[in-house]
1. Scan region 1-46 residue by residue and report those that are outside any helix (DSSP H, G or I), open to solvent by 100 Å² or more (accessible area, probe 1.4 Å) and closer than 17 Å to ASP75 by Cβ.
2. If the requirement is being within 15 Å of ARG87 (Cβ to Cβ), among the aliphatic types (A, V, I, L, M), open to solvent by less than 60 Å² (accessible area, probe 1.4 Å) and not in a helix (DSSP H, G or I), which of these qualifies: LEU49, LEU53?
3. So which of ALA63, ALA76 ends up being among the small types (Gly, Ala, Ser) and out of contact with any Asp or Glu (no Cβ under 9 Å at 6 or more places or on another chain)?
4. Quickly run through region 74-93 and pick out the residues that are in a loop (DSSP other than H, G, I, E, B) and of a type in the set (D, E, K, R).
5. Could you list, in sequence order, all residues of region 59-73 that are in a loop (DSSP other than H, G, I, E, B) and surrounded by 12 or more Cβ atoms within 10 Å (Cβ to Cβ)?
6. In region 21-36, what residues are over 18 Å from GLY82 (Cβ atoms) and touching a residue at least 40 places away in the same chain (Cβ under 8 Å)?
Amino acid sequence: MEQYLDVLRTINPLSTFGAEQFTAFLDAASTRELTQGECVYLEGDEDELIIFLADGAIARKSASGQVRSLAVGDDAARYAMGNLQPRPHTAQV
């Protein structure tokens, strides 16, 4: 996870964490690397995950067919992805 530290420090609310809170977050967090075409989650999924984009880009696809891209460095990438439950769209690499 060390390769993602600079990106993680720019994400809200992680950017507001003190050193102790940030370390506790890192201890509890895990990473998942996906390949092109894999889904991060599907529209309608319900889970207890908070997902942040730490590298690369994804496409968010709604049931209506609307597609929006999200990439590290985008303003929207500073927040959790699809944080509503059930998930409001499908996120795919």
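1. So in region 1-46, the residues outside any helix (DSSP H, G or I) come out as 1, 9-13, 17-18, 29-46.
Restricting the remaining residues to those that are open to solvent by 100 Å² or more (accessible area, probe 1.4 Å) gives 9, 30, 32-33, 36, 46.
ARG9, the sole residue that qualifies.
2. Working: LEU49 fails: open to solvent by less than 60 Å² (accessible area, probe 1.4 Å).
Answer to the check: LEU53.
3. On the way: ALA63 fails: out of contact with any Asp or Glu (no Cβ under 9 Å at 6 or more places or on another chain).
Exactly one residue qualifies, and that residue is ALA76.
4. Step one: filter region 74-93 for residues in a loop (DSSP other than H, G, I, E, B), giving 74, 79-89, 93.
Residues satisfying the conditions are ASP74, ARG87.
5. The initial filter retains those residues of region 59-73 that are in a loop (DSSP other than H, G, I, E, B), namely 62-66, 72-73.
Result: SER62, VAL72.
6. Filtering region 21-36 for residues over 18 Å from GLY82 (Cβ atoms) gives 21-28, 33, 35-36.
Correct list: THR35, GLN36.
The values are calculated or read from the model by the stated rules, or taken from the named source; none is laboratory data. The structure displayed is predicted, hence computed values, not measured ones. Note: ideal-geometry Cβ built from the backbone for every residue, glycine included; neighbour counts use all protein chains shown. Just the protein is used for accessible areas: all its heavy atoms, side chains included, with ligands, DNA and RNA removed. Shrake-Rupley method; radii C 1.70, N 1.55, O 1.52, S 1.80 Å.
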